[in-house]
Structure formats: C-alpha cells, structure tokens
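Data block below; observations after.
The values are calculated or read from the model by the stated rules, or taken from the named source; none is laboratory data. Bear in mind that the values here come from a model prediction, so they are computed numbers and not experimental data. No Cβ is skipped: glycine too gets one built from the backbone with ideal geometry, and neighbour counts run over all protein chains shown.
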C-alpha cells in the first residue's frame, strides 16, 4: 500500500513538472518604469583612476553648492566642520563657516537648553531635528543624508551626476507624472519628489568658474565623493607603495633563489 501511494505521488509530481514545462506561459507585459529608467551616464573626474587625486578647487566649489543649495534639505551627519581643512580651507575659514550655524547646547549655569555658534569640532548642521519633521517639510519624502550617498548608490558618482542633470528630459507621450513628483529617468522609479535643485548661474563661484548646470553637478558630485571617503588618496598611495614594495621583494627573492640553488644540479 505504501509503495502504491509513493508511486502515485511521484506520478503526480512528474505530471505537474511536465505540465509546467510544456504548457506555454502567459505573456508578461513589460514594466513601463523599467523601460523608462536609464543607466547613469559616464563622467570622469580628476580623482578618477588609480593615480587620480582630488581637485581641491573643485571640492571647495562643490562644498559651496552643498552649502548654498543642498543643505536646506540634506544633512551630512558624518562630517565635522574641521574636516573642511582637508580640502584646502584654512583654520580661520573653517571657524567662520562653522560660526554661521547655531547648534543645540546646554547653559552651564542654568542647565537649560540653548543654542550657540557651531565650532570646528561640531558635526555639520542638521536641517531638521528628526525624520518626522523632515517628511513634514518635504511632502512626506525623506531627504537622505549625503555623507555616504556616493558609496550607497550603484555607480555612485555617475548616478549623482546623472540625477542632477536629468531633470531637463521630458516624459514620453502618455506617461503621467503623479502630482507632487518630478520626472527624472535616472531615478529608480523615474518619479522623484525632489524638484530640480540646480540651474545655470544659480551661484557665483569665488574663483570665477562659470556656474553652468553641468559644472555645478560635477563639482558637488566630486565633493560628495570626497565626503564618502576622505582617505581615498592616502589609501591609493598606500596601495601603490605596497605593490611596488612587493614587486621589489619578489625580484630580490627570485634573485636569492637563483643564487642559493645555482650550484645544485637537477
């Protein structure tokens, strides 16, 4: 009896597998969002490649874009103001930049909550005290922290650059953009809550560089790349030095091997 039941179950399984293999599947309609979504465009920077280094002037321009345009909604919670010295700002300039912001503090005399000018040792100013407040001010969209945004997204630099410059493209005929959203084919759902953040001549660069949309997008992308990995140049130099050392060591080891075994006959 058990054997018959086992055979029956096996036949049922074989029948189901054969049915699934032979019967054609229903045609699956392509996802219109996936058809509209575009892969990031290629973009190169001074720091691209193994021997690339950050352009300090570009990083300072990128910080200016973040400060004047992005910081109203996006925070950079992993950076301190003192970190700006690494991109060429003097200690006095860093103090002046930090002092433009008020940060929470405690009055040492009364113990009451107060605010004070930020110091170079403070972290970057938070535009919103918490996520709830951020969503309330942005149509329920939560502006992400930009400290690690380049490393948090696939093809990070190309993605950020393409996203910032992708607002000019019009949606195809028949595609309706939901109210309160904006069409951007480089965003994963092609509909993004953030309005176009950059436009030509939106800022005035101190070094006289023309503030075109493309230039500003590259500058702030480079700054965000540095922010996500400030030690990039040190790591690259260390890696190249280690490879050179290993190459020399391998050559010396091979020469020693040939010398030690030179008189030994096989």
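Quick one: in segment 208-222, of everything that is surrounded by fewer than 17 Cβ atoms within 10 Å (Cβ to Cβ) and under 22 Å from the mean Cα position of the chain (by Cα), which residue is nearest to residue 161 (Cα to Cα)?
Start the filter on segment 208-222 by keeping residues that are surrounded by fewer than 17 Cβ atoms within 10 Å (Cβ to Cβ), which leaves 208-210, 212, 214.
Those still in the list that are under 22 Å from the mean Cα position of the chain (by Cα) too: 212, 214.
Details: 212: 13, 214: 8 Å.
Step by step, filter segment 208-222, then rank; the result is 214.
Outside the structural domain of residue 203 (by TED's automatic domain parsing), closer than 14 Å to residue 223 by Cα, surrounded by 10 or more Cβ atoms within 10 Å (Cβ to Cβ) and at pLDDT 70 or above, is that true of residue 45?
Values: outside the structural domain of residue 203 (by TED's automatic domain parsing): no; closer than 14 Å to residue 223 by Cα: yes; surrounded by 10 or more Cβ atoms within 10 Å (Cβ to Cβ): yes; at pLDDT 70 or above: yes.
Against the criterion (outside the structural domain of residue 203 (by TED's automatic domain parsing), closer than 14 Å to residue 223 by Cα, surrounded by 10 or more Cβ atoms within 10 Å (Cβ to Cβ) and at pLDDT 70 or above), residue 45 does not qualify.
Does segment 237-258 include one or more residues that are in a loop (DSSP other than H, G, I, E, B) and either modelled with pLDDT under 95 or within 28 Å of the chain's Cα centre (by Cα) (or both)?
Of all residues in segment 237-258, those in a loop (DSSP other than H, G, I, E, B) come to none.
Scanning segment 237-258, I find no residue that is in a loop (DSSP other than H, G, I, E, B) and either modelled with pLDDT under 95 or within 28 Å of the chain's Cα centre (by Cα) (or both), so the answer is no.
When residue 205 is evaluated against the numbered criteria (1) in a loop (DSSP other than H, G, I, E, B); (2) surrounded by 12 or more Cβ atoms within 10 Å (Cβ to Cβ); (3) free of Cβ contacts under 8 Å to residues at least 24 places away in the same chain, which criterion, by number, is the only one it fails?
Here residue 205 clears every test but (3).
Select from segment 141-167 the residues that are over 12 Å from the mean Cα position of the chain (by Cα), assigned to a loop (DSSP other than H, G, I, E, B) and touching a residue at least 12 places away in the same chain (Cβ under 8 Å) and list them in ascending order.
Listed by number, the residues that qualify are 141, 143, 166, 167.
Restricting attention to segment 101-114, does a residue exist that is touching a strand residue (DSSP E or B) at 6+ places or on another chain (Cβ under 9 Å) and touching a residue at least 40 places away in the same chain (Cβ under 8 Å)?
First, the residues of segment 101-114 that are touching a strand residue (DSSP E or B) at 6+ places or on another chain (Cβ under 9 Å): 101-107, 112-114.
Adding the requirement that they be touching a residue at least 40 places away in the same chain (Cβ under 8 Å) leaves none.
For segment 101-114, residues touching a strand residue (DSSP E or B) at 6+ places or on another chain (Cβ under 9 Å) and touching a residue at least 40 places away in the same chain (Cβ under 8 Å): absent.
Taking the conditions exactly as written (touching a helix residue (DSSP H, G or I) at 6+ places or on another chain (Cβ under 8 Å) and surrounded by 18 or more Cβ atoms within 10 Å (Cβ to Cβ)), does residue 75 satisfy them or not?
Numbers: touching a helix residue (DSSP H, G or I) at 6+ places or on another chain (Cβ under 8 Å): no; surrounded by 18 or more Cβ atoms within 10 Å (Cβ to Cβ): yes.
Spelling it out, it is not the case that residue 75 is touching a helix residue (DSSP H, G or I) at 6+ places or on another chain (Cβ under 8 Å) and surrounded by 18 or more Cβ atoms within 10 Å (Cβ to Cβ).
Just to be sure I understand, how many residues within segment 208-232 are free of Cβ contacts under 8 Å to residues at least 12 places away in the same chain and within 18 Å of residue 89 (Cα to Cα)?
Number of matching residues: 2.
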